[in-house]
Each structure stands twice: as structure tokens, then as C-alpha cells.
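The values are calculated or read from the model by the stated rules, or taken from the named source; none is laboratory data. Given the structure is predicted, the values throughout are model-derived calculations rather than measurements. For neighbour counting, all protein chains shown are included, and Cβ atoms are generated from backbone atoms with ideal geometry for every residue, glycine included. Areas reflect the complete protein model, heavy atoms only, side chains present, ligands, DNA and RNA absent. Shrake-Rupley method; radii C 1.70, N 1.55, O 1.52, S 1.80 Å.
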Amino acid sequence: MKIEIEQEIKDACPDMKIGLIRADVVNSETSDELWTEIEEASRRIRESYELSWINKRPAIVANRNLYKRMGKDPNRYRVSSEALCRRVVKGMDLYRINTLVDLINLVSMCSGYSIGGFDADKIVGDMVTLGVGRHDEKFEGIGRGLLNVEGLPLYRDAVGGIGSPTSDEERTKITMSTVRLQMQINAFGEEMPLADTIDWSVSLLEKYASAKNLQIDIF
């Protein structure tokens, strides 16, 4: 699997990097041990940030700035990592979904990076392209219905959109039947070192999802 970044994104965010992790996995109901890690991370974030400070985190600032350059309002189309952090700072619990999704959410809110999580077997082709959403491009956000992706950074496979920093697409979403994961870490601006974020993600995947046959790349 390769990731190609279109020139419009490169011009708007020349220092960005994308961390790619693909692995054979075993998904499951989220264990109490993983959920305890998530609750402890939520507590640390709640104690470290006021609500108005969340969008000052370097990784989130960089993602918001890219949205602005693309003509997209980052307050209306919140970056997923920002939305997670806002939720916990408000004292709200995260949704407990499944091991893979909850693990990705843990890494996202701690690193500041928006992270795409996909069922790799549902991705069509051997390349994913990061470009800009077009007018009237159909995109069904997970749990959100049709999402206006015009101007959003948008990942596409051979069929169409699969994810953005705001929401991933229903077509390629992770389910309890997922056995091959594709995880894309969007480092539009560095906060936690990307290599450390990848290493931590891999360790969590090995511990909680029996990850094997890993492909790890930075684009």
C-alpha cells in the first residue's frame, strides 16, 4: 500500500507527514484494561487543558490552519483529535466502541493527530491518495450522514473517498469483523514525534489486537 499526496495539499502544508500502519488484527469488545488506559489518558488531558487551549495544541493548530487555507471552517468541521479532546475536557466520557476504534482514539487524543482507521480489506486498489474534496462529492461520514467534504483534505481509494481528518467514510469503516487494519496518522504539524506515535500505536495493536504482519511507512 502506497500513499500519494496531491500537489495542492503539498503546497498548503509542505512539512506534513503521514504515518501508515497496516496489520493483521483480531478485533474485539474493548477490554477493561484498555478502557482503564483510555480513562487515565482522559483524566490527564482534562487536568492539563482548558477548553479554550485545546485548539492551541501544535498538531491541532496545523490541521486547523490547513482547513483555513482550503476555505473550510475548522470550528464547523472539527478535526477528530480536537473533537475527542473537547469531549473529555467537558467531562464527557468517550464512546466505548471496539478495541481498534478505541485504541485509535486513545492515540489520537494523546498525540494531537487526527488518525484514520480503516478496514484494509474494504480499500480498493493498492494506493490511497490525499487530495482535496470536490463540490458535490458523495461522502457518508461514520454516524454523520452525508458530509460536505468540499475543501476538506480527503483520502481516496480507487472508488472514492475513504476518510478525512474530520470523519472517516462508512464504506471502509472498522467493524467487529475487521481482520486487516489500515491506520493513517496525519502529522500536518508535529506534536508527539511521529516515529514515537507509530511505535506506541504498534505496541498497543500488538497488546490488545494481536497485530501481526505489519507494514509501517512514513510518506
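On a per residue basis, the convex hull of the C-alpha atoms belonging to the chain measures out at 107 Å³.
Using a probe of 1.4 angstrom and keeping all protein chains present, the accessible surface of the chain works out to 45 square angstrom per residue.
With the highest mean first, a sort of the peptides 36-49, 142-155 on other beta-carbon atoms found within 10 angstrom per residue produces 142-155, 36-49.
For the stretch 55-172, the C-alpha radius of gyration divided by 2.2 N^0.38 Å, with N the number of residues, is 1.03.
The ellipsoid that matches the Cα gyration tensor of the stretch 1-109 has semi-axes, each √(5λ) in whole angstrom, of 27, 21, 10, with the longest given first.
This model, with +1 at the C-beta of Lys and Arg and -1 at the C-beta of Asp and Glu, gives the chain a dipole about its Cα centre of some 600 debye. Largest GNM mean-square fluctuation among ILE123, ILE97, ILE60, using the chain with Cα springs under 10 Å: ILE97.
Computed from the alpha carbon positions, the gyration tensor of the stretch 34-87 leads to an equivalent ellipsoid with semi-axes of 24, 11, 9 Å, biggest first. Under 14 Å from a label point set 7 Å out along the Cα-to-Cβ vector of ILE216, the amide N atoms of the stretch 1-26 belong to 19-24.
Our summary of shape: the Cα atoms of the stretch 163-212 have principal axis extents of 32, 27, 12 Å, ordered from largest down, in whole angstrom.
Measuring from centroid to centroid over Cα atoms, what is the spacing of the stretch 1-34 and the stretch 76-119 in Å? That distance is 14 Å. At a 1.4 Å probe, what is the % contribution of carbon and sulfur to the accessible area of the chain? Roughly 47 percent of what the probe reaches on the chain is carbon or sulfur.
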